[in-house]
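Worksheet for the structure shown next.
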Amino acid sequence: MTRTFRRTLMASLAMLCLGTCEALSPIIIKGTKFFDSVTKDQFYIKGVSYQPRTLSAGFTDPLSKPNDCKRDFALMKDLGLNTVRVYQVDPTLNHDECMKTMQDEGMYLLLDLAVPKHSIVRTNPEYDTNIWNNVRGTIDAFKGYPNTLGFFIGNEVTNDKNTTVASAYVKALLRDTKNYISSASSRKIPVGYANNDDADIRLQIQAYFNCGKDEERIDFFGINLYEWCGIKHTYQTSGYVERTKDIATYSIPVFLSEFGCNLVTPRTFPEVKSIFGPDMANTWSGGIVYEWSQEDNKYGLVQINPDNTVKILPDYTSLKSGLALLHPKGVKMDAFNEQRAPSTCPAITSTWEPNSKLPPTPSTAACDCMVSSLSCVASDQAVATTESLGTLLNTVCGMTSCDDISTNGKTGVYGKYSFCSPAQKLSYMYNLYYTKIGKKSAATCNFNGMAKLNAASKQSDLGCSNMKDSSSESNASISGASSTQRIHFHFMLAVDLLNPSHALEQKTHKLKRLVQSPNSYFMDVKCPGCVQITTVFSHAQTVVMCSSCANVLAQPTGGITRLTEGCSFRRKQA
C-alpha cells in the first residue's frame, strides 16, 4: 500500500466516521465562562440530575446500566439537554457503554466524587484513606472520557453556621483531588463545589472555596437554588436577582447545580427564561434541573415504571417547551479576555470556623506501616462490627490519650494517624493502651474480645507517619493490594545487587540489566471516538487505526509512538 493511497484511505474513513465516531470536544474554562475547546463557543449547562432509585434495592450505579442509559439519554436529548449530573457511581463497574451513549446524544457528565459510605460527615468531619482511595478510584474510572465535564468535590457538606469546620476537610480533599488529576490525567478536568445557599454563610463559602493557593481553589461553583416557586415569582421577587449580584465579581464560572422548586405543581419552570436569557446568561453558565426520575420527593420529570418503561410527566413537557425557545449565544473564547482576581479568604468568626491549616493528605502506606508495628490490634469481631467502631474508639480514648488519631479542623491540629481508617485507629489505640498502660500484659489486650495479640513485623512505628503513597501504591491500594507488599517496597535495602529495584533497572541499559529486557511494551488504547480498545505496540512503526471506527490512534516517531490527543491507555502487564 503506497503512502498516498494510505492517506487517501484514512481521509475517506475519517469522513465516513464524522457524526458517529467523533468524540465530543472537551469543555474548558477561561475566566468566568465555559467554552467548547474546539469550536470556541461559550458553553451553557442545560442539565438534569440523574440518580434513579425508588425501584432499586439500595444504591445502584445509573451509569452501569446500558439499557437504562439508552432509554433515558435519548429522552434527555429530546428535552434539549446537554449535561447530566450523577451523584453516586461504583468505580469498579464498567461505564463505557453509558458514557458512549451519553456522548452520542451530545451530552456531558458532571459527577459527584463522594458517596455516603465514603464521605466527609458535616457534624463530625474526618478525611481518611477510605474517602481518598474511593475518590481516586472514581477519578481513574472517568478521567479518560472526553465528555466528563467536571467533578463535584462536595455537595452541601457545610449547610449552616454550625457545620462550617467541615469545609476545611472538603478543601483538603479538593487540594488532593486537583493535584491527583494534574499528575494522573492527560487533560485538566475541572473540580467544583455545590452549595446549598444558606443565608448565614453563603458568601463565606463562596469566598472560601475560591481563595488561597491554586490547588486549594475550585474551578467552578454550583448553587442549589430553590427560591423561585411557580409563576407568581419573578426574577426580582424570587431572590435570583440577589444571587446574581452576589457573584457579579466572582472569578470562576457559576451555575445552578440544582433548581426547580416543587411547592407549586406541576412545575412550569418560568425561571429558565431568566437563567438562559438576558437576566442571567451574561453572569451565570446555565443550570441543572432537579431531577430526572419521579421519586418519593416528587421532583421527577419522568416516571420509571416497574416494567422499565418510562412515562412522560407534565414537568417534562413544560421544561421542554421552555427550553425550546432559549438558545443563548454568549461570546467566543478568543474574544473573551476578562480575568478577575480570586476571592479573599473569609475571616474566622463565631459563624465561620474552619482553620487555615488543612488536614494532611491520607497515606495508605503510613497507616499500613503503623499497623505492621502493633502487637495488639482490633480483633476480627471488632472490625466486622463497622457501625460500633466509633463506640469502641470512644471507650479506649477514655482510658488513654487519643491525640495521635484525633483531628480538629477548628484548631488546625491533626494527629499523625488522623487519616487512617477507623479499624486502623482502633488497633493503634488498643496497642497504645496495651504497651503504655497494660505494660504488655496479655490480659490487657482483650477488651471483651474486641482486641487480640499480633506478631508485629516492625519494632516500632518510627518513620511510618512520614510515608507518602507513590502513584503505584495509590493504584495498588485502590485495587486491594496487600499491605505487606507496600511496606516491603519502602524498606528495601539501598543496594542489593541480586534484587535490584525496578527503578534502578529502568535506568540501566537494557543489555546490562540483571535479566536483559527490552524497553518496549504493549498497551491497551481506548479510542476517544467509539471507546473501542485496541492493542498497540509502544514503538509501532506504522500508523495504528481503531478497528471499529478507523480513527487514528497512534503515529510512528522513530521511537516511542505518539498517541492521538484524547486517547487513554494502560500498559499491559507482562
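Find out how many positive minus negative residues lie around GLY300, taking Lys and Arg as positive, Asp and Glu as negative, among other residues whose Cβ is under 13 Å from that of GLY300. With Lys, Arg at +1 and Asp, Glu at -1, the net is -1. Carbon-plus-sulfur accessible fraction, region 160-246 (probe radius 1.4 Å, protein heavy atoms only): 48%. The ratio of the alpha-carbon radius of gyration of region 226-281 to the globular-protein estimate 2.2 N^0.38 Å is 1.12. At a probe radius of 1.4 angstrom, the accessible area of the chain per residue rounds to 47 square angstrom. Across the chain, Cα-Cα pairs farther apart than 39 Å form 37% of the total. Under 5 Å between amide hydrogens, built in the peptide plane, is the criterion, and for ALA554 it picks out VAL544, THR564 among residues at least 5 positions away or on other chains. In terms of distances greater than 30 angstrom between alpha carbons, the cross-link table entries LYS171/LYS436; LYS143/LYS572; LYS65/LYS572; LYS273/LYS332 yield LYS171/LYS436. Surface calculation, 1.4 Å probe, protein heavy atoms: TYR428 sits at approximately 20 Å² accessible. When the Cα gyration tensor is reduced to axis lengths a ≥ b ≥ c, the ratio a/c is 1.5 or higher for region 230-373, and with a/b not above b/c it is classed as oblate.
In region 65-124, the portion of solvent-accessible area held by carbon and sulfur atoms comes to 48 percent [1.4 Å probe, whole percent, DNA, RNA and ligands not counted]. Relative to the Cα centre, the charge distribution of the chain, modelled as +1 at Lys and Arg Cβ and -1 at Asp and Glu Cβ, gives a dipole magnitude of about 1580 debye. Normalised by the number of residues in region 191-240, the mean separation of alpha-carbon contacts (under 8 Å, six or more apart) gives a relative contact order of 40 percent.
Reducing region 530-560 and region 308-367 to their Cα centroids gives an inter-centroid distance of 37 Å.
Tally Lys/Arg at +1 and Asp/Glu at -1 over every other residue whose Cβ is under 14 Å from the Cβ of LEU393; what's the total? Taking every other residue near LEU393 into account, the sum is -4.
Using only the Cα atoms of region 279-332, build the gyration tensor, take square roots of its eigenvalues as a ≥ b ≥ c, and label the shape rounded, prolate or oblate: rounded if a/c is under 1.5, else prolate if a/b is larger than b/c, else oblate. Since a/c reaches 1.5 and a/b is larger than b/c, the shape of region 279-332 is classed as prolate. Look at the alpha carbon pairs under 8 Å that are at least 6 residues apart: their mean separation over the length of the chain gives a relative contact order of 14 percent. In the structure shown, the pairs LYS46/LYS320; LYS46/LYS77; LYS178/LYS526; LYS70/LYS298; LYS188/LYS329; LYS416/LYS468 are assessed against 21 Å; a Cα-Cα span above that value is assigned to LYS178/LYS526; LYS70/LYS298; LYS188/LYS329.
Using only alpha carbons, region 20-154 has a radius of gyration to Kirkwood radius ratio (Rg to Rh) of 0.98. Of the peptides 64-74, 282-292, the order by per-residue mean of other Cβ atoms within 10 Å, starting with the highest, comes out as 282-292, 64-74. Summing Lys and Arg as +1 and Asp and Glu as -1 over all other residues whose Cβ lies under 9 Å from the Cβ of ARG570 gives a net charge of +2. Distances between placed amide hydrogens fall under 5 Å for SER379 paired with ALA451, LYS452, all partners being 5 or more residues away or on another chain. Quick check on region 136-183: take the gyration tensor over C-alpha atoms, sort the square-rooted eigenvalues as a ≥ b ≥ c, and tell me if it's rounded (a/c under 1.5), prolate or oblate. Prolate.
The values are calculated or read from the model by the stated rules, or taken from the named source; none is laboratory data. Everything numeric here is computed off the predicted structure, so don't read it as measured data. A quick note on method: Cβ atoms are made from the backbone with ideal geometry, for glycine too, and the neighbour counts reach across all protein chains shown. Heavy atoms of the whole protein, side chains included, go into the accessibility calculation; ligands, DNA and RNA do not. Shrake-Rupley method; radii C 1.70, N 1.55, O 1.52, S 1.80 Å.
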